[in-house]
Amino acid sequence: MREKAILEIRNLVLRMSGRSILDDLSMGFARHRVHAVIGPNGAGKSTLACAIMGLSDYRRYEGSILFKGEPVDELPVDQRARRGMTMAWQEPARYEGLSVERFILSGAAKKSKETVREVLEQVGLDPARYGGRAVDKTLSGGERKRVELASILAMRPLLVIMDEPDSGIDMDALARIFDALEFLKANGSTVLLITHSVAVLERADHGFLMCDGKLICEGGVEKIRRYYANKCMPCDHPNEPHSDFGERAGDE
Amino acid sequence: MSDEHGEMIRRLYASIGEACVIEPNVAHVEVHGNRVLGLHLVDGLKVEADETDDGISARVRVEPGRVIETPVRICFGLLPERGVQRIKMDVDIAEGGRVAVLASCTFPNAVQILHTMDADIRVGKDAQYLYLERHVHGKSGGVTIVPKARVILEEGARFRTDFELIRGLVGDIDIDYHAVCGPRSVLEMAARVSGAGDDRIKIREEATLEGEAARGVLTTNVAVRERARAEIFNTLLATAPYARGHVDCKEIIQGEAQARATPIVDVRHPKAHVTHEAAIGSVDSKQLETLMAHGLTEEEATELIIEGLLSPSL
Ligand SMILES: Nc1ncnc2c1ncn2[C@@H]1O[C@H](COP(=O)(O)OP(=O)(O)OP(=O)(O)O)[C@@H](O)[C@H]1O
Ligand SMILES: [Mg+2]
């Protein structure tokens, strides 16, 4: 696929504590698609998400990140967000005394009660029961993840990075999350799913496989699924890819 | 009620952005300086107030088994720039009685004001008392607030108190609460205060869980910026079996502000259990960056986080 990418990553290198956590990554994310980045624990997936978003501990990278064709390397997280990208954390933050409603409205495109009701229903949380609760430790892990997703639906972003949207989520809620994905896509968002679950990968239109901070292969979901199932799941040397890992980006 | 008193009451409520209480089922008391301007009671609630040289001395009683359905409104205040207001309160919630009080303390024009509160509170067997104190101060912070309370919770009693400063600068604040908790009683003490400028905040909350299965939570959330200073001393002593307690202290500091917390957890029975949590520092970066990823600036995100921390528990 060679449509115009909404997000482009060029030769991204990120070193932390003397190690290359991201190792010369180049990736293109076509508009209006659901992309998945899959890989084992410690592959660098969350780090990639944080670098794209421009979080303060992840901004000292080499290479370049382009959003809508323009480099965003100099921009802090809030300015990147105002250009239309956002992210849902693997482990979302909790806030004492901040209501679910205020949290959702903090970035909402349309700031109304109606928005809060709609997005909570979309993630399967009853607005009457949840709107007034605090986004604090009294929410379960799965509820907290769903509130995070609701806040993102309210933003109507151009690009959403979702770090492990299925972690801590039961089957019922997972179906809601997949519906929300479809909704985002139908409403013009580009989605970047970060996962090590094949079930999540299968929701994507296009996939990338990462290992040890490197891009191992990219392409159609079926190709990535097969590669992951055959080579990664039985792998006895995670995050030590062979030097001849062969299939690189693009060769579908 | 004289017209003059009526006008004064209106101005007190106006300074906290509210209208006067008029519903006949809501008990209310309004005190300006040492003058009791308004006093309206409901069945089961007794209040006697004497005016002293620089304040009032009041006795509040809820009669046995009486449940006061609607929260009682109390408004203390001083509208001039300077003055002293000393409040002495004796509160007795008799066995099985229940009441909630919303007290507003307003010093909107304060330049040099001293407000003290000296309370003795007894919450009887299986009785409940909820006391929320909200402060509105002036922009110059010229207020010294010294609230002291001694609380006794009898068997099965519940007491919750929340202290909040919602508008204006603190000035100097020196809170000192002490509670003794009997069997199966439940205590929740919370103070939420923000300071700026040259504010000085000192909060001391102490409780002894001396009855079997008594429970207590002491919460202090403070946000200080500029040159403000905060010092928190929370002590929870548990001496009885199955007593459960938690001390929670969160302080956000910005600019040149300084904060210190001294949580003391003292357990003297092997079947008691008390925990504590203290966090002092700048705003948590993940909390901040989550909101910034929603498009808020760092300042807007910080403000929202602090506002949550200082708002009463949802
Ligand atoms: N601040 C840091 N300093 C040093 N190493 C780090 C730092 N942050 C992450 N790492 C390391 O970078 C590697 C990639 O971490 P990352 O969290 O991006 O992995 P991941 O692919 O998201 O894994 P998971 O599937 O477990 O979420 C890990 O080996 C991790 O220990
Ligand atoms: Mg991760």
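Bear in mind these aren't lab numbers, they're just calculated from the coordinates by the rules spelled out. These numbers were taken from a predicted model, which means no experiment stands behind them. Backbone-built Cβ (ideal geometry, glycine too); neighbour counts: all protein chains shown.
Okay, here's what the table says:
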item	result
Radius of gyration and Dmax over the Cα atoms of segment B:103-240, both given in Å	15.6, 47
Rg to Rh, two decimals, where chain A supplies the alpha carbon set and Rh follows Kirkwood	0.96
Paramagnetic reach from B:VAL42 (point 7 Å along Cα→Cβ, amide N under 20 Å) across segment B:152-188	B:158-162
Chain A - percent relative contact order, Cα under 8 Å, separation 6 or more	25
Theoretical ellipticity at 222 nm over the protein assembly as shown - DSSP helices of four or more residues, -39500 (n - 2.57) apiece, nearest 500	-5500 deg cm²/dmol
Kirkwood hydrodynamic radius (C-alpha pairs) into Stokes-Einstein, segment B:3-309, 20 °C and 1.002 mPa s, D in µm²/s	106
Whole-number percent relative contact order across segment A:139-224, with pairs defined as alpha carbons under 8 Å at least 6 apart	24
Relative contact order (%) - segment B:3-309, alpha-carbon pairs under 8 angstrom, separation at least six	9
Separation between Cα centres of segment B:103-151 and segment A:83-160, rounded to whole Å	36
Extension gain (nm, one decimal) between A:ALA186 and A:ALA109, 0.36 nm per residue minus Cα-Cα	26.0 nm
Inter-label distance, nm, simple model (7 Å from Cα along the C-beta direction), B:GLU226/A:GLU240	6.0
Value of D in µm² per second that Stokes-Einstein yields for the protein assembly as shown, Kirkwood Rh from Cα pairs, at 20 °C (1.002 mPa s)	80
Neighbour-count ranking [beta-carbon atoms within 10 angstrom, fewest first] of B:CYS105, A:CYS235, B:CYS181	A:CYS235, B:CYS105, B:CYS181
Lys, Arg +1 and Asp, Glu -1 on Cβ, resulting dipole of the protein assembly as shown about Cα centre, debye, nearest 20	640
Extension reserve of the B:HIS269-B:SER140 stretch, reckoned as 0.36 nm per residue once the Cα distance is removed	41.7 nm
